[in-house]
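All of the numbers you see were taken from the coordinates with simple rules; none came from a lab. These numbers were taken from a predicted model, which means no experiment stands behind them. Glycine also receives a Cβ, built like all others from the backbone with ideal geometry; neighbour counts cover every protein chain displayed.
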Amino acid sequence: MDIHKILTKLPHRYPFLLVDRVLEISRGKTIKALKNVTINEPFFQGHFPYRPVMPGVLMLEALAQAAALLAFDALDSGPSDDTVYYFAGMDGVRFKRPVEPGDQLILNVELLRMKSGIFKFKADATVDGVLAVEAELTCAIRKIS
């Protein structure tokens with residue numbers, strides 16, 4: 001799935017869209033996506049000016065966006081004006097290595113269960129095959145009025 005298709009599936013836009021490409025997707029099971037990390041990212045100006053690293057919360061956001069793509073694919077739907085996809089929880093979060101400009105973050109997400117619009121995922125991200133972050137994510141799709 002290229003960026004054009006991702007833009008139809010996620011409501012996020014620059015500078016908050018954190019998935020550049022989907023490499024593999026198995027409906028209702030797993031997704032493998034990537035985020036190219038470049039020095040042009042707006043957060044690198046202040047995090048940290050002399051040794052830029054990608055903030056951990058943005059790595060988790062990238063995983064959540066990949067999880068949203070997996071959830072929408074499992075439901076055969078996408079975002080709409082009357083629904084929103086929220087983070088509901090994070091468990092077992094561990095950061096294992098810094099992510100720097102020039103890295104390619106590979107996002108791996110497995111759907112553990114879904115029920116009544118609540119999704120539980122096992123997720124991790126690697127750089128050059130080395131674990132950067134891991135977590136269990138809970139997300140929810142909710143109608144808004």
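Applying the selection to the stretch 118-134, what residues are closer than 17 Å to K35 by Cα and in a strand (DSSP E or B)?
Within the stretch 118-134, A123, D124, A125, T126, V127, V130, L131, A132, V133, E134 meet the criteria.
I'd like the residue in the stretch 69-117 that is among the basic types (K, R) and in a strand (DSSP E or B) and, out of all such residues, is farthest from the chain's Cα centre (by Cα).
If we filter the stretch 69-117 for residues that are among the basic types (K, R), which is where we start, we get 94, 96-97, 113, 115.
Checking the rest, the ones that are also in a strand (DSSP E or B) come to 94, 113, 115.
Values: R94: 15, R113: 17, K115: 20 Å.
Selected residue: K115.
Those residues that are out of contact with any Gly (no Cβ under 9 Å at 6 or more places or on another chain), within 22 Å of F119 (Cβ to Cβ), not in a loop (DSSP other than H, G, I, E, B) and not hydrophobic (A, V, I, L, M, F, W, C), I need them from the stretch 1-20; list them, please.
The one that is out of contact with any Gly (no Cβ under 9 Å at 6 or more places or on another chain), within 22 Å of F119 (Cβ to Cβ), not in a loop (DSSP other than H, G, I, E, B) and not hydrophobic (A, V, I, L, M, F, W, C): K5.
Could you please tell me which pairs satisfy a Cβ distance under 8 Å, a separation of 6+ or placement on different chains, a first residue in the stretch 70-98 that is farther than 27 Å from V53 by Cα, and a second residue that is in a strand (DSSP E or B) and charged (D, E, K, R)?
If the second residue must be in a strand (DSSP E or B) and charged (D, E, K, R), the pairs left are D82/K143; T83/R142; T83/K143; V84/R142.
Checking G28 against (1) surrounded by 14 or more Cβ atoms within 10 Å (Cβ to Cβ); (2) out of contact with any Cys (no Cβ under 8 Å at 6 or more places or on another chain), only one condition comes out false. Which one?
All conditions pass for G28, except number (1).
Do we find that I39 is under 23 Å from A68 (Cα atoms) and either of a type in the set (A, V, I, L, M, F, W, C) or not in a helix (DSSP H, G or I) (or both) in this structure? Spell out how you get there, then give the answer.
On the way: under 23 Å from A68 (Cα atoms): no; either of a type in the set (A, V, I, L, M, F, W, C) or not in a helix (DSSP H, G or I) (or both): yes.
Here the answer is no, as I39 does not meet what is asked.
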